Amino acid sequence: MKTTPFTDIHIALGAKMHEFAGYNMPIEYTTGIIDEHLTVVNGVGVFDVSHMGEFWVKGANALQFLQKICSNNIAALPIGKAQYNFFPNGKGGIVDDLIVYHYEPEKYLLVVNAANIEKDWEWINSQNSEGAELENSSDNMAQLAIQGPKAAEQLQTLTDIPLSEIPYYSFTVGSIAGVDNVIISNTGYTGAGGYELYFYPQFGQQLWNKLFEAGEPFGLKPIGLGARDTLRLEMGFLLYGNEIDETTSPIEAGLGWITKPAEGKNLIDGDLFTHQRTEGVAKKLVGFELIDRGIPRTGYELTDGKGKTIGRVTSGTLSPTRKIGIGLGYVETPYAKIGTEIAVAIRNKELKAIVVKPPFRK
């Protein structure tokens, strides 16, 4: 298995380790997933996300290329800003979802999911008829996500950069904890606020040690991938491989807001997405809360409460903050309206649920 600059630290801290996307990653530490989840919601926690992939796209044709392969309008992305996107796969599905950073003129950073690095790299190279300069820097970049309502206050003790002046989905490059050339991004996938730091791997342990020295008064804790998943689910954020994949339409998945084929782009699958938006789709992704007591899990059937299967759960858990069953899933379009009563089939029982609009954590 691959390692990150922090693998030995995770093991020394007693983390429960498991293979994820070819990496030996911490799933949870000794305090458990619920405690870690609540630490991020109420305080501050740090995630090792160095397994994520990073590609540079450069040159005079970089924008033209990205306008074709990325769903959102890259032309509207100023330098210093980030933007949520996906790669259409040419068949109406999704290669991956990603964040695009406009780093410098004619230079963009693409941050992709760890499990899709090889697939994404092959895809963008196969589509590069524009001749953009592509560079895979996944092995030469590490990443930590410092997340929670106390993240900004804690990080500010380690840098002269005024973090409060970095808007949401914006970034700057500078020095933090004595490490230069760090990308400091006001982004994250927890819904609790905070920053993602990108840096050269050789500075990883220095950054980690400084973070935890400064973080002691703030109650900083290391957080594993288990809590990362429950945090994103409470916000209704999508996970590749669960809510979206090569077979799911972005219109079905509620990603129409980042699907912009009519922005002067030659977007892959653009005409198909426009047609789906106009004509409608047969199923839609919804959020739901259980009314009855129970825990929905990935793959469970969703029903109309009268025995008819109308869809399936893509992600589900017991909400650590609200102590009720919550989930995301695809249902037939007539059942997708907010407030519709549906059911989750658990152990031969149809447990009552209601369709809601995420986030589940207010």
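The values are calculated or read from the model by the stated rules, or taken from the named source; none is laboratory data. Everything quoted here is computed from the prediction, not taken from an experiment. Neighbour counts are summed over all protein chains in view; Cβ atoms, including those assigned to glycine, are modelled from backbone coordinates with ideal geometry.
Here are the numbers for this structure:
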| item | result |
| --- | --- |
| Ile342 vs. criteria more than 25 Å from the chain's Cα centre (by Cα) and crowded, with 21+ Cβ neighbours inside 10 Å | yes |
| Hits in the range 223-236 - residues which are surrounded by 19 or more Cβ atoms within 10 Å (Cβ to Cβ) and assigned to a loop (DSSP other than H, G, I, E, B) | Gly224, Gly236 |
| Looking only at the range 138-176, and only at residues there that are more than 23 Å from Gln83 (Cα to Cα) and acidic (Asp, Glu), the one that is surrounded by the most Cβ atoms within 10 Å (Cβ to Cβ) | Glu153 |
| Strands (runs of 3 or more DSSP E) contained in the range 70-137 and holding at least 2 residues crowded, with 21+ Cβ neighbours inside 10 Å and touching a residue at least 12 places away in the same chain (Cβ under 8 Å) | 82-88, 94-104, 107-112 |
| Per-region count, the range 87-105, residues over 12 Å from Asp269 (Cα atoms) and not β-branched (Val, Ile, Thr) | 8 |
| Residue in the range 124-138 that is β-branched (Val, Ile, Thr) and not assigned by TED's automatic domain parsing to the domain that holds Ile74 present | no |
| All positions within the range 13-53 that are among the polar types (S, T, N, Q) and assigned to a loop (DSSP other than H, G, I, E, B) | Thr30, Thr31, Ser50 |
